[in-house]
Amino acid sequence: MDNNRVDVYVCEGKLIGIVEKSVYGDNYIAFRGIPYAKPPVGQLRFKDPVPPEPWAGGRDASKHGNISIQMDSFTQEMIGDEDCLYLNVYTININLRKKRSVMVWIHGGGFSSGSGDSSLYGPDYIIQKDVILVTLNYRLGVLGFLNLNDEVAAGNQGLKDVVMALQWVQKNISKFGGDPENVTIFGESAGGTIVHYLAISPVAKGLFHKAISQSGVATNPWAFTEREPPSTNKGFQLAEKLGKVTTDAKVAYEFLKKIDAKKLRLVEQKTLTTKMEKQQFFLSFSPSMDYESSNPFFPKDIKTLIRRGVKVPFLLGYNNCEGSYFISIIYNNQKRKTSLKEIDSDFRRAIYPSVLSKLSQIPITVEELRFLYFGNKTVSEETLLNYSNFLSDEAFYQGIIEVADIQSKSSNRSATYLYKFSYENESSVMRKIMGVTLPGVSHGEDLFYLFYPHKMKDFGLEPPELDSDQYKIISYLTQMWTDFAKTGNPTPAVTDLIPIKWMPLKHGNTCDYLNINTELRMETFRKGEQRWDWKNIKNKL
């Protein structure tokens, strides 16, 4: 008998997990690479996921399954596999007499990259708080979000993958000692928007009971693809790039279905966006209306579903300088000065297409918007922080506050909690990896206080010391996030660690939120006086 291996019987068969040692010395049990759907290959490419087949004998669950095909951001090579629908389950022990709260993590990456693997999302921190953690992969890019406005490829395959993973959790998590009636979904960036989509779609109703959206909601301009004619639809454009010019969805589908999956994604990522779209951080494939599906993820108009609000306890928020991350990934190279000059000469190049089309409704002109952030200064190396502020407001804060506002006004909702993450750490993993130099907390920095990235060793980075400010932030976030998962309240009791009550949103002209720093503080802002509220701020220019 191997004391380092643990068996669990799920509906599909026997899993053999492995006992691991966490970064701080505790043991936990990992079950990795569990198939939650059939491989979406061959005739199942671009189709809704199908439940997995059972297997005979014991299945080794010590290693991660394949990740979805994507470009490695460091090597620029295509990695992963089309057969990618796997999830991972982590627990400190198997105790079937004690039902633990379950937290299901949905990774970000612009619907185009990422995975649930421990290279970024190691369970070491969260697992200390006595919950069961599930992480998962879903189809990315064209493979997960191709919408040809036809039943052959109706879009949102990646969203439906997550729904199937949640159905797997409902069927199987009790075998690990988890409580299927106390499941919290949480995610960041594109993962945060997927959480929000799940919370407003009837397709996912009853599969979870609480929701956390970090730095991403459905109202962010990059989170949704509007319906387009074949001439501007990225799916048809991709077929054309690969040699098939057509406006017939069935012809395009049959053609794309036969192309090698890595080639599909390589051409998508290398050639599908224009120079201007790159400057706007445009995403080629993302969630969209899927009317033509026999089982649509969005059976009603997206705006209608958003306005109805989230009906389960909801926690959402943002980092205080989200935009600096994007300036680093696009502008930390030799072409930076040229790009900044182009944006300086035509500020429209900086504005996301869906935002540009809405400016007339606010109303605010492109010139007024530019003046709001830059005054009379040029867009240049000297005004990168101004540019970062614009990106933060446009891409994140406006949408997040809009959702918070909907929640505060909704009559039939559960409690909603808003936060701002403000802890600045010069040696944070994200800053080092992405070369972020601007002040503030960039997009994604919060992740490294919830998860221990097992890749850290590759960058020569050590886990935080137990007496450090970084470890204090880890303790804050993991305690409040897991308390919310367990009870629906992130601060159910005032303690030595969390000596404050996080108050939920209420209706009115002010907005209460928790400022998360080395000291936790409830703060308030007045609606209509924030920089991101362009309509009202414009009147004060």
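The values are calculated or read from the model by the stated rules, or taken from the named source; none is laboratory data. All of these numbers come straight from a predicted model, not from anything done at the bench. Ideal geometry is used to build each Cβ from the backbone, glycine not excepted, and the neighbour counts take in all protein chains shown.
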Return the residues of the stretch 476-502 that are in a helix (DSSP H, G or I) and surrounded by 18 or more Cβ atoms within 10 Å (Cβ to Cβ); say none if nothing qualifies.
Tyr476, Leu477, Thr478, Met480, Trp481, Thr482, Asp483, Phe484, Ala485, Lys486
The helices (runs of 4 or more DSSP H) lying wholly within the stretch 195-299 that contain at least 1 residues that are of a type in the set (Val, Ile, Thr), buried (at least 22 other Cβ atoms within 10 Å of the Cβ) and in contact with a His (Cβ under 6 Å, 6 or more places away or on another chain) are none
Suppose we filter Trp105, Trp55 for residues that are at pLDDT 95 or above and under 21 Å from the mean Cα position of the chain (by Cα); which single one remains?
Trp105
Please verify whether the stretch 462-471 includes one or more residues that are assigned to a loop (DSSP other than H, G, I, E, B), closer than 30 Å to Phe74 by Cβ and touching a residue at least 24 places away in the same chain (Cβ under 8 Å).
yes
Total residues in the stretch 15-46, condition surrounded by 15 or more Cβ atoms within 10 Å (Cβ to Cβ) and out of contact with any strand residue (DSSP E or B) (no Cβ under 8 Å at 6 or more places or on another chain)
6
Cβ-Cβ under 9 Å pairs, at least 6 apart or on other chains, the stretch 1-20 side farther than 19 Å from Pro35 by Cβ, far side among the aromatic types (Phe, Trp, Tyr):
Val19/Tyr28; Glu20/Tyr28; Glu20/Tyr90
Test: Ser427 is under 21 Å from Lys210 (Cα atoms), in a loop (DSSP other than H, G, I, E, B) and not β-branched (Val, Ile, Thr):
no
Please work out which one of (1) without any contact (Cβ under 8 Å) to a residue 60 or more places away in the chain; (2) over 20 Å from the mean Cα position of the chain (by Cα) is the condition Lys205 fails and give its number.
(2)
As an exercise: evaluate Ala485 against (1) free of Cβ contacts under 8 Å to residues at least 24 places away in the same chain; (2) of a type in the set (Gly, Ala, Ser); (3) over 30 Å from Lys535 (Cβ atoms) and give the number of the one condition it does not meet.
(1)
What is the one condition in (1) touching a residue at least 60 places away in the same chain (Cβ under 8 Å); (2) more than 16 Å from Lys47 (Cα to Cα); (3) of a type in the set (A, V, I, L, M) that Val163 does not satisfy?
(2)
Filter result for Asn95 (of a type in the set (S, T, N, Q), in the same structural domain as Val251 (by TED's automatic domain parsing), more than 30 Å from Lys234 (Cβ to Cβ) and surrounded by fewer than 22 Cβ atoms within 10 Å (Cβ to Cβ))
yes
For Gly488, state whether it is touching a strand residue (DSSP E or B) at 6+ places or on another chain (Cβ under 7 Å) and among the small types (Gly, Ala, Ser).
yes
